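Heads up, the thing below is written out as structure tokens.
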Amino acid sequence: MNTDIVIIGGGASGFAAAIAAKETAPDADVVIAERLPRTGKKLIATGNGKCNLSNMSLGSRNFHGTIDAMGIIARTPGWYELFTEKLGVACVTGSDGREGGVYPRSNSSATVLNAIRLKLSALGVRELCECEITGIRPSDGGFVLTYKEGEIRCRRVIIAAGGYAAPSFGTDGSMLRLLKNMGIRSEKICPAVAPLRVSPDRLRGLKGVRIKGEIAAFSGNKELRRERGELQFNENNISGICVFNLAYLFQKYEGRLTLRADLAPDMTETELTKYLKKIRRDRAGTTAEELLSGFFVRNLAVWLVKNVLGRSPSEPIGSVTDRDIMSLCKSIKSLELAVTGCSPWQNAQSTMGGIPADCINDELGSVKYDGMYFCGEILDVAGDCGGYNLQWAWSSGTLAGKNAALSLKGGKK
Ligand SMILES: Cc1cc2nc3c(=O)[nH]c(=O)nc-3n(C[C@H](O)[C@H](O)[C@H](O)COP(=O)(O)OP(=O)(O)OC[C@H]3O[C@@H](n4cnc5c(N)ncnc54)[C@H](O)[C@@H]3O)c2cc1C
């Protein structure tokens, strides 16, 4: 097959690239090559099926990696222009209580995928499914792409094949490995928007506990980032959106990352101390377990007495000393948990790392291969949880698609 532009990957960024390429060069033949039987499988799963497609408040603090994501986002149309005006998807903000999140009004990711499909079909973009690209080689000012049934010759290639996160959606990092063999390096990777592992011994007894709190990541005494939200304790990890937003730090601080959780961010240590002393008085004659049972769910109340005080929860409450109360308050305000690892890729929503800034130019083109472009998660950008990763996919896809098409028009190689 001979064509003008092949986009490898039928996900969010590949769709945006296809739309932009066809709108820029309507006569160009644009093909999406997707390894799975259907395109858009991951998009359907986003935001628990509701598709948190962007965020009202986008800033550099929400994007991590070597590439200036905000610089690129600022050069492309926003979510309103793309979804509401161009694709006809009515959107609302904060529909699941998350501040600033932009969702389709229908609360259904299928609405978004359908609108994209209608646009691709109207523009005449072709889709080749069950077409896994396993080889790319430059040839005659373009590229020859290999797949199991043969070869595709194209003038431009846009690589929108995603990263390592959530491999059941077709993204297992194989494209980054293929590119490495072509001399395009990847920045160190780790799961982003993902839980963080903590020793199971430390978490024993806490499984299933959910609490609204604050969590900060530290390397030594240096605070790296602080987040507020619901913390969830599992058998060997901590999760919750606030933890997801710290996961990318594992890339740089592996082996040195510690979490400090404030389990009562709405109270000072002094207020807590006063409260616990009153409970000790009011519940005289009961057990140590009851000291915190009116404040936390029982599992957590018991865990704190056992792990912080090293006492049996059945000891008399009167045996809890002022010094014990001080220790409990310190732990409640700053519970220290060493990070022992990152989560498996199947539990991650994004990839930290990928193709770095020094491998691309301003047009998201490869500095090594003329006519090759990149977009989406394969690039070294990881956004926070809350619509940031999809916004990156839309913006980077739009820019890569537009520039690939412009380079055809300009008659560039
Ligand atoms: C469960 C889940 C929920 C999420 N929810 C949100 C959310 O609500 N908001 C948000 O902003 N982000 C969310 N994300 C993250 C977001 O979905 C991704 O960052 C985004 O989809 C990345 O887009 P992409 O186009 O770069 O890659 P992908 O969407 O991963 O698409 C890449 C495509 O390339 C295909 N492919 C890979 N290799 C090849 C090959 N060799 N040949 C052909 N095809 C290939 C894959 O099969 C895949 O379809 C979520 C992620 C997950 C896993």
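If you go through the range 362-393 and pick out every residue that is under 25 Å from F169 (Cα atoms) and part of a strand (DSSP E or B), you end up with 6. Checking each residue in the range 36-46 for being part of a loop (DSSP other than H, G, I, E, B) and surrounded by fewer than 22 Cβ atoms within 10 Å (Cβ to Cβ) picks out L36, P37, R38.
Residue-wise test of (1) in the same structural domain as I67 (by TED's automatic domain parsing); (2) away from the ligand (no atom under 16 Å from the Cβ); (3) modelled with pLDDT under 95.
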{"site": "A284", "(1), (2), (3)": "no, yes, no"}
{"site": "L300", "(1), (2), (3)": "no, yes, no"}
{"site": "S319", "(1), (2), (3)": "no, yes, no"}
{"site": "S334", "(1), (2), (3)": "no, yes, no"}
{"site": "G365", "(1), (2), (3)": "yes, yes, no"}
{"site": "G371", "(1), (2), (3)": "yes, yes, no"}
{"site": "F374", "(1), (2), (3)": "yes, no, no"}
{"site": "E377", "(1), (2), (3)": "yes, no, no"}
{"site": "V381", "(1), (2), (3)": "yes, no, no"}
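Summed over the range 182-201, the residues that are aliphatic (A, V, I, L, M) and more than 17 Å from L246 (Cβ to Cβ) give a count of 2.
Between I67, I19, I7, which is assigned by TED's automatic domain parsing to the domain that holds I360, at negative phi and in a helix (DSSP H, G or I)? Just a single option satisfies the conditions, and that option is I19. If you go through the range 383-413 and keep only what is of a type in the set (K, R) and modelled with pLDDT under 95, you end up with K409, K412, K413.
Being buried (at least 18 other Cβ atoms within 10 Å of the Cβ) and in the same structural domain as E290 (by TED's automatic domain parsing): is that true of L328 here?
Yes, satisfied.
So is T3 away from the ligand (no atom under 12 Å from the Cβ) and crowded, with 18+ Cβ neighbours inside 10 Å or not? Spelling it out, T3 is indeed away from the ligand (no atom under 12 Å from the Cβ) and crowded, with 18+ Cβ neighbours inside 10 Å. The set of residues from the range 52-70 being more than 13 Å from the chain's Cα centre (by Cα) and either near the ligand (Cβ under 8 Å from one of its atoms) or surrounded by 23 or more Cβ atoms within 10 Å (Cβ to Cβ) (or both) comprises N55, L58, I67, A69. Taken over the range 360-413, the criterion of being touching a strand residue (DSSP E or B) at 6+ places or on another chain (Cβ under 6 Å) and among the acidic types (D, E) is satisfied by E377, D380. Quick check on the range 81-95. Is at least one of its residues in the same structural domain as A400 (by TED's automatic domain parsing), closer than 25 Å to N347 by Cα, within 14 Å of the ligand (Cβ to nearest atom) and free of Cβ contacts under 8 Å to residues at least 40 places away in the same chain? Yes, the range 81-95 has at least one match. Going by the structure shown, is L179 open to solvent by less than 50 Å² (accessible area, probe 1.4 Å), closer than 20 Å to G397 by Cβ and out of contact with any helix residue (DSSP H, G or I) (no Cβ under 7 Å at 6 or more places or on another chain)? Here the answer is yes, as L179 does meet what is asked.
The values are calculated or read from the model by the stated rules, or taken from the named source; none is laboratory data. Model, not experiment: these values are computed from the prediction. Cβ sites come from the backbone with ideal geometry, for glycine too, and all protein chains shown count toward neighbours. In case anyone asks, the SASA skips ligands and DNA or RNA and just uses the protein heavy atoms, side chains included. Shrake-Rupley method; radii C 1.70, N 1.55, O 1.52, S 1.80 Å.
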